[in-house]
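Engineer: Below: one structure in structure tokens.
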Amino acid sequence: MPEGGSPKTGESDAEGRDEESAAVLPEERGPGHRDEKEEEEEEKKVNGDSRGAAAEQAGEVEFVHPEGGWGWVVMLAAMWCNGSVFGIQNAFGILFLSLLREFGSEEDDDLRFKTAWVGSLSMGMIFFCSPIVSVFTDILGCRITAVGGAAVGLVGLLASSFVTSLGPLYFTYGIVFACGCSFAYQPSLVILGHYFKKRLGLVNGIVTAGSSAFTITLPFALSHLLEKVGLHNTMRVLCILMFVLMLAGLTYKPLMPVRSSSTATGRRCPPMSKIFNINIWKSLGYRIWAFGIPAALYGYFVPYVHLMKHVEERFGPDASKEVLLMCIGITSGVGRLIFGRAADYVNGVNKVYLQVTSFFVIGIMSMMIPVCHVFGGLIAVCLLMGLFDGCFISIMAPIAFELVGADDVSQAIGFLLGLMSVPMTVGPPIAGFLRDRLGSYDEAFYLAGIPPIFGGALLCLIPWVEARRKRREKEEALSGDPDLTEKMIEPGKMADNEKAHEAAQSRTGESTL
């Protein structure tokens, strides 16, 4: 309400001006007089033309996502990428048994420790390369990065099929194959944003479910191949997946306009501030998240590597150990769909509590593995573990959006995946070392359950930290803008006056209506 005037006076003045303007007939306005609407339309037309010309000169055209079409082919290609990369990684427990038989020696006391390094190094390198892959994707594009990565992965896997000892496998399978998978995987997620916007959540869910589908089927296929053709020929058969992955990368046709980042010297490299974004580290909530999740993952990959061998030792070599990986794969896919949808109904950074719950359950289930002396109990443990594994994975991106915003989310996820590489790499070898020294996997699984619980407890600080940050920003805004403070206080005073007026009317018997 303006100061020094009443609302009635303002209304009467406005009505008088409207009547005066309405009294002027069109013929009395003269030839040079134009209607206000005509002036507004002409101004919009001129401004629109000038903005369009400026946009054309700057090379910025409003992009409309097709929401389908060729995008469905790209979605299937990305689904194949996700499935082939992480399907092979999750099924390493089957290859682990064959590696022990092929390269093992009963005289080697550190056999499981050395063999576990092959799979854990491979999984760790996929995450370790993520920040580097982000830079290559920005510079070279999704198609070149993905096809080149699949080609490198194919060479690494093919070379692994010819080695005769564990030492070369560290390089061919653990580094070359894994780096190629990393370069092929990340562009498959970026390219989806070129074709989908409204359906991006649905498409991401379908694509990430690809790893669950391969995790369900690949263990049975690998067991059959290892039995029929042996370890080396099985790796050569897996090369077919990588070759198809190369062909899938060719479908990544970019649609969104590329902003030129070239300088006066003709370089295509983006500025360093975009390659290494330090703004994300200014958020205390993100720092807790970026260090809490890696802390929780020291025992995360242990069941994928050692559970098959543990089942063989406890229930015999004829036990259907592949069923356990199938259970993890099925419920992981279900969990991604259920909790991904549930996260839409949780406000702000409170989504972290879903991740906290998932880590608590995963930690407890890891500790339950040695307790299960019945195979059915292990199936129940794996079902729960897979369900909350899907929860943990599906809400990583939404939490990153809440902590750092849309502009910095790509770098935030890239750095997080890079930090995740350390625990994913060292966890399984430590478990193998404990098995070699103590004679059983019981202590290894008990200890593997501690880091998820600790990391989940650390993540509980994030909502409190973010709430305190928002409260502090609000107080700073109020202290820096006294007019804003007065505007926020004034509605409160008006509400108090209205309540007092209603109370007075009720005392006199008048209706508040």
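Engineer: Quick one: how many residues across region 137-172 are within 12 Å of Tyr185 (Cα to Cα), of a type in the set (Gly, Ala, Ser) and open to solvent by less than 30 Å² (accessible area, probe 1.4 Å)?
Structural biologist: Of the residues in region 137-172, the ones within 12 Å of Tyr185 (Cα to Cα) are 137, 142-143, 145-150, 153.
Going one step further and asking which of them are of a type in the set (Gly, Ala, Ser), we end up with 146, 148-150, 153.
So of that shortlist, the ones also open to solvent by less than 30 Å² (accessible area, probe 1.4 Å) come out as 146, 149-150, 153.
Here the count works out to 4.
Engineer: Okay, next question. Working only within region 227-239, note down all residues that are outside any loop (DSSP other than H, G, I, E, B) and open to solvent by 30 Å² or more (accessible area, probe 1.4 Å).
Structural biologist: Here is the first cut: in region 227-239, the ones outside any loop (DSSP other than H, G, I, E, B) are 227-228, 231-239.
Glu227, Lys228, His232, Asn233, Arg236, Val237 - these are the residues of region 227-239 that are outside any loop (DSSP other than H, G, I, E, B) and open to solvent by 30 Å² or more (accessible area, probe 1.4 Å).
Engineer: Only one residue in Ser120, Ser98, Ser130, Ser134 is more than 21 Å from Ile413 (Cβ to Cβ), under 31 Å from the mean Cα position of the chain (by Cα) and open to solvent by less than 30 Å² (accessible area, probe 1.4 Å), so which one is that? Reasoning before the result, please.
Structural biologist: Numbers: Ser98 fails: under 31 Å from the mean Cα position of the chain (by Cα); Ser130 fails: more than 21 Å from Ile413 (Cβ to Cβ); Ser134 fails: more than 21 Å from Ile413 (Cβ to Cβ).
From the options Ser120, Ser98, Ser130, Ser134, the qualifying one is Ser120.
Engineer: Got a sec? Which of Val422, Val426, Val404 is open to solvent by 50 Å² or more (accessible area, probe 1.4 Å) and in contact (Cβ under 8 Å) with a residue 24 or more places away in the chain? Spell out how you get there, then give the answer.
Structural biologist: Numbers: Val426 fails: open to solvent by 50 Å² or more (accessible area, probe 1.4 Å); Val404 fails: open to solvent by 50 Å² or more (accessible area, probe 1.4 Å).
Of the residues listed, the single one that is open to solvent by 50 Å² or more (accessible area, probe 1.4 Å) and in contact (Cβ under 8 Å) with a residue 24 or more places away in the chain is Val422.
Engineer: Here's another thing I want to ask about it. Does Phe103 meet the test of being crowded, with 21+ Cβ neighbours inside 10 Å, of a type in the set (Phe, Trp, Tyr) and either at pLDDT 85 or above or more than 20 Å from the chain's Cα centre (by Cα) (or both)?
Structural biologist: Judged against the criteria, Phe103 is not a match.
Engineer: Going by the conditions given, is Ala467 open to solvent by 10 Å² or more (accessible area, probe 1.4 Å), over 19 Å from Phe128 (Cβ atoms) and free of Cβ contacts under 8 Å to residues at least 24 places away in the same chain? Before the answer, list the steps.
Structural biologist: Details: open to solvent by 10 Å² or more (accessible area, probe 1.4 Å): yes; over 19 Å from Phe128 (Cβ atoms): yes; free of Cβ contacts under 8 Å to residues at least 24 places away in the same chain: yes.
Yes: the conditions hold for Ala467.
Engineer: For region 283-297, check the following and say yes or no: at least one residue is more than 28 Å from Ile216 (Cα to Cα), touching a helix residue (DSSP H, G or I) at 6+ places or on another chain (Cβ under 9 Å) and either hydroxyl-bearing (Ser, Thr, Tyr) or modelled with pLDDT under 85 (or both).
Structural biologist: Yes.
Engineer: While we're looking at this one, here's another question. In region 201-259, which residues are of a type in the set (D, E, K, R) and at pLDDT below 90?
Structural biologist: We begin by selecting, within region 201-259, every residue of a type in the set (D, E, K, R); these are 227-228, 236, 253, 259.
Glu227, Lys228, Lys253, Arg259 - these are the residues of region 201-259 that are of a type in the set (D, E, K, R) and at pLDDT below 90.
Engineer: Here's something else I'd like to know. What pairs can you find where one residue is in region 291-317 and surrounded by fewer than 24 Cβ atoms within 10 Å (Cβ to Cβ), the other is assigned to a helix (DSSP H, G or I) and charged (D, E, K, R), and their Cβ atoms are less than 7 Å apart, with a gap of 6+ or different chains?
Structural biologist: Going by the 7 Å Cβ cut-off, there are no qualifying pairs.
Engineer: How many residues does region 196-226 contain that are hydroxyl-bearing (Ser, Thr, Tyr) and either buried (at least 20 other Cβ atoms within 10 Å of the Cβ) or touching a Cys at 6+ places or on another chain (Cβ under 9 Å) (or both)? It would help to see each step written out before you state the result.
Structural biologist: Taking region 196-226 and keeping what is hydroxyl-bearing (Ser, Thr, Tyr), we get 208, 211-212, 215, 217, 223.
If we keep only those that are either buried (at least 20 other Cβ atoms within 10 Å of the Cβ) or touching a Cys at 6+ places or on another chain (Cβ under 9 Å) (or both) as well, we get 208, 211-212, 215.
Qualifying residue count for the region: 4.
Engineer: Does region 381-392 contain at least one residue that is over 30 Å from Pro131 (Cβ atoms), in contact (Cβ under 8 Å) with a residue 12 or more places away in the chain and open to solvent by less than 30 Å² (accessible area, probe 1.4 Å)?
Structural biologist: Within region 381-392 (the criterion being over 30 Å from Pro131 (Cβ atoms), in contact (Cβ under 8 Å) with a residue 12 or more places away in the chain and open to solvent by less than 30 Å² (accessible area, probe 1.4 Å)), the answer is yes, since at least one residue qualifies.
The values are calculated or read from the model by the stated rules, or taken from the named source; none is laboratory data. Bear in mind that the values here come from a model prediction, so they are computed numbers and not experimental data. As a convention, Cβ positions derive from the backbone with ideal geometry for all residues, glycine included, and neighbour counts pool all protein chains shown. When the accessible area is computed, the model is the full protein with side chains, heavy atoms only, and any ligands, DNA or RNA have been set aside. Shrake-Rupley method; radii C 1.70, N 1.55, O 1.52, S 1.80 Å.
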